[in-house]
Amino acid sequence: MATTSSDRVNQFFNELEAHKSILATCTNLFTTISKHFSSLQDSVTQKSQLIDSKFQSLESRHRETLESLHQRENSIPERESFAAARIEEQKEAALAELQKPVPGNLELASILKSLLRKMDSSALLRFIVSKRKESASLRAEIVPALEEAVDSPRLVLDAVEEFLNSKLSKSGVTDKRWACGLLVQALFSESRIFSRRIVERADGLVELWKEQLDGEVGAAEMVMFLQMVVCFGLWYRFDQEYLRKQVMEFASRRDMAKIAANLEFGDKMIDIIDELVKNGKEIEAVYFASESGLTERFPLINLLKSYVRNYKRHVATLLKEGKNSQAATEEFELNSIKAVMKCVEDHKMESEFNLEKLRKRAAHLEKTKAERKKGSSSGGKPKKRTYGSGGSRGSASTSSRPSKSAKLNTYPSSFSRRNLAPSLQPSPAARYSAPYSYPSQTTIYDGSTANPYAATYGTAHTQSPAGITQQHYSLPVDNLAPSGYRSSGSYVGQTSYVYDYGNAAPPSYQPPYTVDQSSYRG
């Protein structure tokens, strides 16, 4: 009897323990479910608040847009009167210009305006090509001169079409490419609204142009092509990967950062900048980050410091290995320093990045280069040779050709950024074996290095830092071999790297203005 009671008591406690375990499990489930529903409630509340905020923002923008449209509608009569008066003025000027020859003693600006008034794209191209040695003056004068044309977009498209035809006939391609590059850049140096007919014509030219780009294409032409795509809002016609490939291939071009910022890459721009950094193109990454508004994610000062560390390390490796000449290594170092200095000046970071030691080092390298060139030139100076009285070549003769030793010892003045020895190219794989990180240091760079710097710097930058093979932003495009986009700024010099483009404006569906004209034969 006692045993039976004990068993019942044990069974009771076992059942009680089981119920206790079930109760604890239920409590935990209830707590988890409560937290989950609380989280859902918070999420719904946040989304509801976000939607309300967006509705308020939309209503505000709607009111602002309506007010803007109302103001524009009220200003239409005044704008029409102004446009009509301006067109009449341009028409009269163009007709007057057609009736008189162009004197040969006019200034460059006057001749440009005369040709633009006549809307003669062929004569304009010929004139620009003839003044190629005055490229700096041309750049400064073309932008204001375009305002004299009755329909400047149509004139530029005429020039582009002539260039594309010259590619098919393989006649005068190089000169026309350069001249068209100036016109395209000038046309889109300010924000413009184009008529539907002009946009459709540009679309057709770009489509034809793309077919011709399937083969080998130079940097200058690709920049001009992409400027046309951006300006007329035609990027939607292209696969983004195609545009991304072209941007990456010609990233060192001075206009490419601004072009990329307007190609609607979105979040892919982060990947583009990351790839530039991993490929050793931190200088290009600085320009891309600045133009794309990604300076918080890619601090410019950290990119520059990373580039300086890497190029110094690469120079030290080259000197240690001794595979390249001293002259070639110093040329690489000099161009790297110039790239850093130009980048700092363009982004006005002098207060954050001390350039004094880099200037001294650059001046020292320039001095060494000049002395080496001077020594090589003197070593190759031809010597007089004296003949006997019976000689038929006279008492003395000079050779116009330098000695063989001079040829071997002279560092070539045409050391090309496109022909650098492979060993001078830093290896991205070696430099970026781990994921790239941007240090958070904000201290002023002191330019310290193992080699002492001396003298002072006073030369202009000429090429890209990420490797001698690349052309830097400061180079003028008019010195390119065969190989505008809308903006609120302008390029008025040869060496300044100026970015001030506005966003592409939607086309205005109005027919372009036309006037009767005759051909310029001057």
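List of remarks:
- Length-normalised contact order for the stretch 109-165 - Cα pairs under 8 Å, 6+ apart - percent: 49 percent
- Rounded to two decimals, the Cα radius of gyration of the stretch 300-351 over 2.2 N^0.38 Å is 1.27.
- In terms of packing, defined here as the mean over residues of other Cβ atoms within 10 angstrom, the peptides 254-264, 191-201, 365-375 line up highest first as 254-264, 191-201, 365-375.
- Sorting 73-86, 227-240 by their mean Cβ neighbour count within 10 Å, with the most densely packed peptide first, gives 227-240, 73-86.
- The stretch 7-63 shape via C-alpha gyration tensor axes, a/c threshold 1.5: prolate
- Long pairs among 323/369; 54/268; 113/210; 312/367; 133/373, criterion Cα-Cα beyond 23 Å: 54/268; 113/210; 133/373
- Eligible aspartates and glutamates near residue 320 by straight Cα distance, threshold 15 Å, same-chain separation 8 or greater: 330, 333
- The radius of gyration of the Cα set in the stretch 251-364, together with its Dmax, comes out at 15.1, 46 angstrom.
- Relative contact order [Cα under 8 Å, 6+ residues apart], the stretch 1-139, whole percent: 12 percent
- A Cβ-based charge dipole, computed about the Cα centre of the stretch 200-321 with Lys and Arg at +1 and Asp and Glu at -1, lands at about 820 debye.
- The listed residues 323, 91, once ranked by accessible area (1.4 Å probe) with the largest placed first, stand as 323, 91.
- Cα gyration tensor category, rounded, prolate or oblate, for the stretch 173-223 with a/c compared to 1.5: oblate
- Listed values for the stretch 301-313 are Karplus-derived 3J(HN,Hα) couplings in whole Hz (6.51 cos²θ - 1.76 cosθ + 1.60, θ = phi - 60°), namely 5, 5, 5, 5, 4, 4, 5, 4, 4, 6, 5, 5, 5, and x replaces Gly and Pro.
- Gyration tensor (alpha-carbon) shape descriptor, the stretch 128-170, a/c threshold 1.5: oblate
- Shown here are the Rg and Dmax of the Cα trace of the stretch 255-311, at 10.6, 33 Å.
- 3J(HN,Hα) along the stretch 108-122: 4, 4, 5, 5, 4, 4, 4, 5, 5, 5, 7, 6, 9, 5, 5 Hz, from the Karplus curve 6.51 cos²θ - 1.76 cosθ + 1.60 with θ = phi - 60°, whole Hz, x for Gly and Pro.
- Fraction of alpha-carbon pairs over 24 Å apart in the stretch 191-283 - percent: 21 percent
- Pairwise label distance in nanometres, residue 319 with residue 368, each label 7 Å out on the Cα-Cβ vector: 0.7 nm
- As a fraction of the 1.4 Å probe accessible area of the stretch 230-368, surface on carbon and sulfur atoms comes out at 43 percent.
The values are calculated or read from the model by the stated rules, or taken from the named source; none is laboratory data. Please read these numbers as outputs of a predicted model, since none were measured by experiment. Note: ideal-geometry Cβ built from the backbone for every residue, glycine included; neighbour counts use all protein chains shown. Remember, those area values only see protein heavy atoms, side chains included, never the ligands or the DNA or RNA. Shrake-Rupley method; radii C 1.70, N 1.55, O 1.52, S 1.80 Å.
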